[in-house]
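Student: So that we are looking at the same thing, I have put the structure below in structure tokens.
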């Protein structure tokens with residue numbers, strides 16, 4: 001029968017789809033917790049590199065503030081700021097900044113700034129810079145990125161917030177100028193954002209930064 | 001179809017019909033993640049797992065699946081295994097998962113896998129399909145590792161960098177830097193280096209094969225004893 005010849009493959013294929021879906025659902029359910037846990041651990045480890053555990057008493061992952069998309073930060077969606085407290089006072093905050101003009105597209109950074117406006121540390125979260133040249137911005141490859149530690153908008157002063165080649169204070173990388181240039185600019189902008197919103201960011205009560213366009 | 005010997009299957013997987021060096025399948029992940037030894041081993045083993053899973057499943061269901069729907073069923077089986085491996089890596093090998101990135105889900109597009117399902121597993125008993133999956137996978141892994149070793153050594157001047165992503169913090173010390181002054185060679189790290197490296201490996205395999213061939217041709221003339229060759 002024509003119909004029979006059609007039906008058998010159809011329900012067999014359906015059966016395989018159901019079994020495969022069931023198998024995937026089972027695996028997903030059983031790894032979901034662990035995946036969330038791994039992501040939290042990875043984030044916490046990165047945050048603790050910037051704001052050492054000894055310097056705060058709270059749980060960074062739960063003490064957060066929502067930061068709406070902002071031009072200075074280069075963000076296009078709401079991001080999360082993680083706040084470190086000691087004795088109830090917020091001592092530092094870490095948030096996402098994006099350098100949109102890397103050599104190969106956007107470079108995502110995690111920038112930590114201390115209460116007094118000094119950089120606590122910066123890490124590259126993701127990038128697509130050239131391996132062997134631009135990827136020296138990763139802390140695993142070179143200590144370049146720690147050159148920002150302790151800097152602020154007054155040290156050096158804003159006109160010196162450039163790479164050396166452009167008359168500024170920051171080293172470029174061998175064979176790569178565009179990448180460091182983008183990052184220097186992004187960090188300077190992050191400091192400006194911090195200066196502009198300092199009160200909200202460090203206000204213990206608030207959980208969102210109000211949307212305002214400058 | 002006559003039974004294929006285990007020895008034949010293993011030889012095919014590792015050498016004669018090696019997925020990377022003879023069949024030239026799965027080149028996209030091969031070229032993209034062979035930058036370091038750790039990446040190469042990890043993606044190779046992930047591919048091997050998928051290959052074993054899909055080969056065994058395909059072999060088990062080979063008599064139940066009508067030929068009209070075999071390709072969609074194979075694709076379904078492979079996609080399911082890849083997703084399972086991906087979820088497991090995401091859960092338990094998080095840092096490595098981040099580095100391999102898109103190439104874990106892309107295992108699904110590795111032609112070596114559907115190639116083995118269609119050409120071998122769908123016609124063979126489970127034990128042979130399993131062995132084929134294992135040896136083809138390991139053959140692929142070996143090619144990746146050789147290429148990874150060359151590229152990491154020539155490109156960065158290190159060996160076993162980033163091993164701690166898989167084995168834990170203690171493995172940081174496994175990284176070798178044979179020549180501390182070596183500055184690295186960018187070409188080997190970039191995609192062209194992968195192509196050149198793979199080309200050289202394939203050429204090397206062909207040279208060795210030809211040598212073996214010549215020796216085999218010379219052998220029967222020299223000795224009267226029958227040559228047993230599988």
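Student: Quick one: would you say residue B:66 is surrounded by fewer than 18 Cβ atoms within 10 Å (Cβ to Cβ), modelled with pLDDT under 90 and at the interface with chain A (Cβ under 10 Å from one of its Cβ atoms)?
Tutor: Details: surrounded by fewer than 18 Cβ atoms within 10 Å (Cβ to Cβ): yes; modelled with pLDDT under 90: yes; at the interface with chain A (Cβ under 10 Å from one of its Cβ atoms): yes.
Here the answer is yes, as residue B:66 does meet what is asked.
Student: Quick test for you: out of B:101, B:137, pick the one residue that is within 26 Å of residue A:135 (Cβ to Cβ) and either within 12 Å of chain A (Cβ to nearest Cβ) or under 14 Å from the mean Cα position of the chain (by Cα) (or both).
Tutor: Numbers: B:137 fails: within 26 Å of residue A:135 (Cβ to Cβ).
One residue alone meets the criteria, B:101.
Student: I'm checking my understanding of the structure. Among residues of the stretch A:134-172 that are within 14 Å of chain B (Cβ to nearest Cβ) and crowded, with 20+ Cβ neighbours inside 10 Å, which one is farthest from residue B:172 (Cα to Cα)? Give the derivation first.
Tutor: Taking the stretch A:134-172 first, the residues within 14 Å of chain B (Cβ to nearest Cβ) are A:134-136, A:138-142.
Then drop every residue that is not crowded, with 20+ Cβ neighbours inside 10 Å, which leaves A:134, A:136.
Working: A:134: 23, A:136: 19 Å.
Here the answer is A:134.
Student: State which residue is surrounded by the fewest Cβ atoms within 10 Å (Cβ to Cβ) when the search covers only the stretch A:72-99 and only residues that are part of a loop (DSSP other than H, G, I, E, B) and in contact (Cβ under 8 Å) with a residue 24 or more places away in the chain. Please lay out each step first, then the result.
Tutor: Initial filter on the stretch A:72-99 (part of a loop (DSSP other than H, G, I, E, B)): A:72-78, A:87-88.
Pick out the ones that are also in contact (Cβ under 8 Å) with a residue 24 or more places away in the chain and you get A:72-74, A:87-88.
Numbers: A:72: 18, A:73: 22, A:74: 23, A:87: 6, A:88: 8.
Looking at the filtered set, the residue picked out is A:87.
Student: Out of all the residues in the stretch A:179-214, which are surrounded by fewer than 19 Cβ atoms within 10 Å (Cβ to Cβ), out of contact with any strand residue (DSSP E or B) (no Cβ under 7 Å at 6 or more places or on another chain) and in a helix (DSSP H, G or I)?
Tutor: A:192, A:195, A:196, A:198, A:199, A:200
Student: Kindly indicate whether any position in the stretch B:9-32 is touching a residue at least 24 places away in the same chain (Cβ under 8 Å), within 14 Å of another protein chain (Cβ to nearest Cβ) and under 27 Å from residue B:83 (Cα atoms).
Tutor: Within the stretch B:9-32 (the criterion being touching a residue at least 24 places away in the same chain (Cβ under 8 Å), within 14 Å of another protein chain (Cβ to nearest Cβ) and under 27 Å from residue B:83 (Cα atoms)), the answer is yes, since at least one residue qualifies.
Student: If you take the residues in the stretch B:175-208 that are within 14 Å of another protein chain (Cβ to nearest Cβ) and in a helix (DSSP H, G or I), which one is farthest from the chain's Cα centre (by Cα)?
Tutor: The initial filter retains those residues of the stretch B:175-208 that are within 14 Å of another protein chain (Cβ to nearest Cβ), namely B:175, B:177, B:182-194.
Of the ones still in play, those that are also in a helix (DSSP H, G or I) are B:186-189, B:191-194.
On the way: B:186: 25, B:187: 23, B:188: 20, B:189: 20, B:191: 18, B:192: 20, B:193: 19, B:194: 15 Å.
Within the stretch B:175-208, the match that is farthest from the chain's Cα centre (by Cα) is B:186.
Student: Now for a different question. All but one of (1) exposed (fewer than 13 other Cβ atoms within 10 Å of the Cβ); (2) more than 10 Å from chain B (Cβ to nearest Cβ); (3) under 30 Å from residue A:83 (Cα atoms) hold for residue A:55; which doesn't?
Tutor: The single condition residue A:55 does not satisfy is (1).
Student: Can you find even one residue in the stretch B:89-97 that is touching a residue at least 24 places away in the same chain (Cβ under 8 Å), out of contact with any helix residue (DSSP H, G or I) (no Cβ under 9 Å at 6 or more places or on another chain) and within 12 Å of chain A (Cβ to nearest Cβ)? Break it down stepwise before answering.
Tutor: Narrowing the stretch B:89-97 to residues touching a residue at least 24 places away in the same chain (Cβ under 8 Å): B:89, B:93, B:95-96.
With the extra rule that they be out of contact with any helix residue (DSSP H, G or I) (no Cβ under 9 Å at 6 or more places or on another chain), the set shrinks to none.
No, the conditions are met nowhere in the stretch B:89-97.
Student: Still on this structure: Just to be sure before I move on: is residue A:47 within 9 Å of chain B (Cβ to nearest Cβ) and surrounded by 12 or more Cβ atoms within 10 Å (Cβ to Cβ) in the structure I sent? Please lay out each step first, then the result.
Tutor: Values: within 9 Å of chain B (Cβ to nearest Cβ): no; surrounded by 12 or more Cβ atoms within 10 Å (Cβ to Cβ): yes.
So residue A:47 fails the test.
Student: Restricting to the stretch A:51-68, name every residue that is touching a strand residue (DSSP E or B) at 6+ places or on another chain (Cβ under 8 Å) and part of a loop (DSSP other than H, G, I, E, B). Before the answer, list the steps.
Tutor: At the first step, the residues of the stretch A:51-68 found to be touching a strand residue (DSSP E or B) at 6+ places or on another chain (Cβ under 8 Å) are A:51, A:55-58, A:60-61, A:63-68.
Correct list: A:51, A:56, A:57, A:58, A:60, A:61, A:63, A:68.
Student: What are the residues in the stretch A:108-136 that are assigned to a helix (DSSP H, G or I) and under 17 Å from residue B:162 (Cβ atoms), if any? Steps first, answer last, please.
Tutor: Looking only at the stretch A:108-136, we keep the residues that are assigned to a helix (DSSP H, G or I), and these are A:134-136.
Once the filter is applied, which keeps residues that are assigned to a helix (DSSP H, G or I) and under 17 Å from residue B:162 (Cβ atoms), the stretch A:108-136 yields A:135, A:136.
Student: Identify, from the list B:129, B:217, B:117, the residue that is in contact with a helix residue (DSSP H, G or I) (Cβ under 7 Å, 6 or more places away or on another chain), farther than 27 Å from residue B:96 by Cβ and in a helix (DSSP H, G or I). Show your work before the answer.
Tutor: Values: B:217 fails: in contact with a helix residue (DSSP H, G or I) (Cβ under 7 Å, 6 or more places away or on another chain); B:117 fails: farther than 27 Å from residue B:96 by Cβ.
Result: B:129 is the single residue among B:129, B:217, B:117 that is in contact with a helix residue (DSSP H, G or I) (Cβ under 7 Å, 6 or more places away or on another chain), farther than 27 Å from residue B:96 by Cβ and in a helix (DSSP H, G or I).
The values are calculated or read from the model by the stated rules, or taken from the named source; none is laboratory data. Every value quoted in this text rests on a predicted model; they were computed, and no experiment measured them. As a convention, Cβ positions derive from the backbone with ideal geometry for all residues, glycine included, and neighbour counts pool all protein chains shown.
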